[in-house]
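**Student:** Attaching a single structure in structure tokens format; questions to follow.
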Amino acid sequence: MEFETRAIHDGQEPDSKTGAVIVPIYLTSTYQQEAIGQHKGYEYSRTGNPTRTALEESLASLEGGKYGLAFASGLSATTTVLNLLKSGDHIIAGDDLYGGTYRLLEKVVSNWGITTTYVDIDEITNFSSAIQANTKLIWIETPTNPLLKIIDIEFIANIAKQNNLILVVDNTFVSPYFQRPLELGADIVVHSTTKYLAGHSDIIGGAVVTSNEELYSQLKFYQNAIGAVPSPFDSWLVLRGIKTLAIRMREHEKNALYLAYFLEKHPKIEKIYYPGLPTHEHHQLAKSQMSGFGGMISLEIKGGFTEVEKFASRLKLFLLAESLGGVESLLCYPAKMTHGALPETERLKRGIKDNLLRLSVGIENPQDLKQDLENALVN
Ligand SMILES: *Cc1c(COP(=O)(O)O)cnc(C)c1O
């Protein structure tokens with residue numbers, strides 16, 4: 001079955017007891033056992049909850065994987081995955097990374113005796129030259145945040161396979177509707193379901209999907225042992241969002257492409273980053289690796305911080321807020337918001353300049369969005 005159909009049906013059979021078409025929100029922490037050691041597959045809701053199971057099956061189906069696991073946030077999904085490693089292990093990560101992932105690696109995971117090397121993703125062979133005897137895992141995001149560079153997943157997956165490393169891809173930025181890393185050779189996909197999957201800016205959640213049974217059984221163990229699980233209600237909201245993922249993603253992309261063409265020609269814009277533009281440095285790779293380009297645009301505005309402030313304060317529809325992937329359009333200033341955790345020198349080295357802004361293009365009327373940007377860019 002095709003993606004749109006799976007999004008609505010997989011993991012979401014009508015309730016066998018009542019016929020309810022929608023998966024109920026199982027607000028229960030525990031489950032009666034018929035006799036000691038005899039239960040219906042559920043014992044305690046940290047370990048498993050039927051609403052969460054529905055979400056986990058749905059997530060696995062969307063990513064083309066065998067197993068899904070849901071978490072309380074994207075970062076708790078990441079933390080759980082990083083528990084696959086032991087003290088003395090080494091990680092290779094791309095250098096254009098979600099700020100919170102960088103903070104986790106540098107301020108938390110480093111205390112476990114695990115080191116990380118960040119490689120400049122502009123030179124893809126850097127991934128192989130960074131491999132050490134103790135390297136266990138490669139972590140990439142593509143498209144990257146906030147510069148929207150594209151990393152060749154298949155290429156990195158080959159490096160990982162040849163060197164017996166686990167390849168993790170954070171697929172938050174385009175969702176499984178446009179990109180399925182497991183099909184390109186990744187071992188694990190991570191999501192912040194807070195973003196496109198839930199899609200309505202009303203919950204915080206995370207997900208992990210894999211087809212590797214051994215990795216799954218370890219991750220399932222850690223999910224329960226660490227306990228960073230989503231509530232049944234949050235699981236239900238993500239499931240609800242997933243049903244419209246396909247149509248939302250098509251609209252996000254349509255609007256983003258429309259605005260990207262407009263912004264690219266605007267005299268007050270110095271540089272625009274959108275993989276759907278033929279002028280984007282990785283446009284061809286984006287076209288071959290993804291079935292669409294997503295709804296995220298980054299831009300550099302001419303001038304300095306005063307211009308940035310003026311632009312931000314004049315926008316009415318694009319709300320100044322962290323996060324992305326919701327139906328409403330948002331504006332983010334990476335230097336102070338999502339990437340505020342990066343030291344300034346590190347941030348500038350990674351190309352996140354003081355005049356860089358990131359747009360999460362929503363599904364409002366495209367002309368209204370264009371008008372809003374136009375108004376904010378007048379002298
Ligand atoms: C938001 C985000 C995360 C973190 O997810 P939370 O749900 O906020 O914990 C990780 N990766 C990317 C790419 C994100 O955008």
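Any read-out appearing in this document is the output of simple, stated calculations on the displayed coordinates, not a laboratory observation. Remember, predicted model here, so these are calculated numbers, not experimental data. Positions of Cβ are backbone-derived with ideal geometry, glycine not excepted, and every protein chain shown enters the neighbour counts.
**Student:** Rounded to the nearest 10 degrees, what's the angle between the helix 366-376 long axis and the longest principal axis of the chain, both from Cα atoms, 0 to 90?
**Tutor:** Taking Cα atoms only, the helix is inclined about 50 degrees.
**Student:** Rounded, prolate or oblate for the stretch 5-125? Axes are the square roots of the Cα gyration tensor eigenvalues, ordered a ≥ b ≥ c, and the cut-off for rounded is a/c under 1.5.
**Tutor:** Details: a/c = 3.29, a/b = 1.88, b/c = 1.75.
Verdict is prolate for the stretch 5-125.
**Student:** Go through Lys86/Lys271; Lys40/Lys86; Lys66/Lys349; Lys149/Lys302 and tell me which ones have a Cα-Cα distance over 31 Å in this structure.
**Tutor:** Beyond 31 Å: Lys86/Lys271; Lys40/Lys86; Lys66/Lys349.
**Student:** Additional query: I want the local charge near Leu330. Using Cβ-Cβ distances under 13 Å, sum +1 for each Lys or Arg and -1 for each Asp or Glu among the other residues.
**Tutor:** -1
**Student:** Let me ask something additional. Calculate, in nm to one decimal, what Asn365 and Lys287 gain on full extension: separation in residues at 0.36 nm each, minus their alpha carbon distance.
**Tutor:** Length gained, Asn365 through Lys287: 25.5 nm.
**Student:** For Asn375 and Thr345, what is the calculated FRET efficiency with R₀ set at 41 Å and r taken between the beta-carbons, to the nearest 0.05?
**Tutor:** With a Förster radius of 41 Å, E is 0.70.
**Student:** Quick one: give the max-minus-min coordinate of the C-alpha atoms of the chain along each principal axis, largest first, in Å.
**Tutor:** Computed over the chain, the largest-to-smallest principal extents equal 74, 52, 34 Å.
**Student:** Which distance in nm do the two modelled labels at Lys17 and Asn224 give, with both placed 7 Å along the Cα-to-Cβ direction?
**Tutor:** 2.2 nm
**Student:** Less than 13 Å Cβ to Cβ from Gly48, Lys/Arg counted +1 and Asp/Glu -1: what total charge do the surrounding residues give?
**Tutor:** +1
**Student:** What percent antiparallel are the DSSP beta bridges of the stretch 246-376, to the nearest 5?
**Tutor:** 85 percent
**Student:** Take the alpha carbon gyration tensor of the stretch 3-43, find the square roots of its eigenvalues, order them as a ≥ b ≥ c, and report rounded if a/c is under 1.5; if not, report prolate when a/b exceeds b/c, else oblate.
**Tutor:** Note, shape of the stretch 3-43 comes out prolate.
**Student:** Would you mind telling me the antiparallel percentage of the DSSP bridges in the stretch 168-275, rounded to 5? Walk me through the intermediate numbers first.
**Tutor:** On the way: 5 of 8 bridges.
Close to 60 percent.
**Student:** When DSSP assigns beta bridges and you keep just the ones with both residues in the chain, what percent turn out antiparallel, to the nearest 5?
**Tutor:** Roughly 55 percent of the beta bridges in the chain run antiparallel, per DSSP.
**Student:** Asp120 to His9: FRET efficiency via 1/(1 + (r/R0)^6), r the Cβ-Cβ distance, R0 45 Å, to the nearest 0.05? Let's see the in-between values first.
**Tutor:** Numbers: r = 43 Å, r/R0 = 0.96.
Result of the calculation: an efficiency of 0.55.
**Student:** Round to the nearest 10 and give me the degree value, 0 to 90, for the angle of helix 213-226's Cα axis relative to the longest principal axis of the chain.
**Tutor:** 90 degrees
**Student:** Next question. 7 Å from Cα along Cα→Cβ at both Tyr261 and Asn212: what's the point-to-point distance in nm?
**Tutor:** Distance between the two pseudo-spin positions: 4.2 nm.
**Student:** What is the extension gain from Met1 to Lys310, computed as 0.36 nm multiplied by their sequence separation minus the C-alpha to C-alpha distance, in nm to one decimal?
**Tutor:** Gain on extension, Met1 to Lys310, equals 106.4 nm.
**Student:** A follow-up question, please. Just to be sure I understand the model, the point goes 7 Å from the Cα along the line to the Cβ. What's the resulting Ser87 to Thr30 distance in nm?
**Tutor:** If labels sit at Ser87 and Thr30, their model points lie 3.6 nm apart.
**Student:** Quote the relative contact order of the stretch 3-243 in percent (integer), defining contacts as alpha-carbon pairs under 8 Å separated by 6+ residues.
**Tutor:** 25 percent
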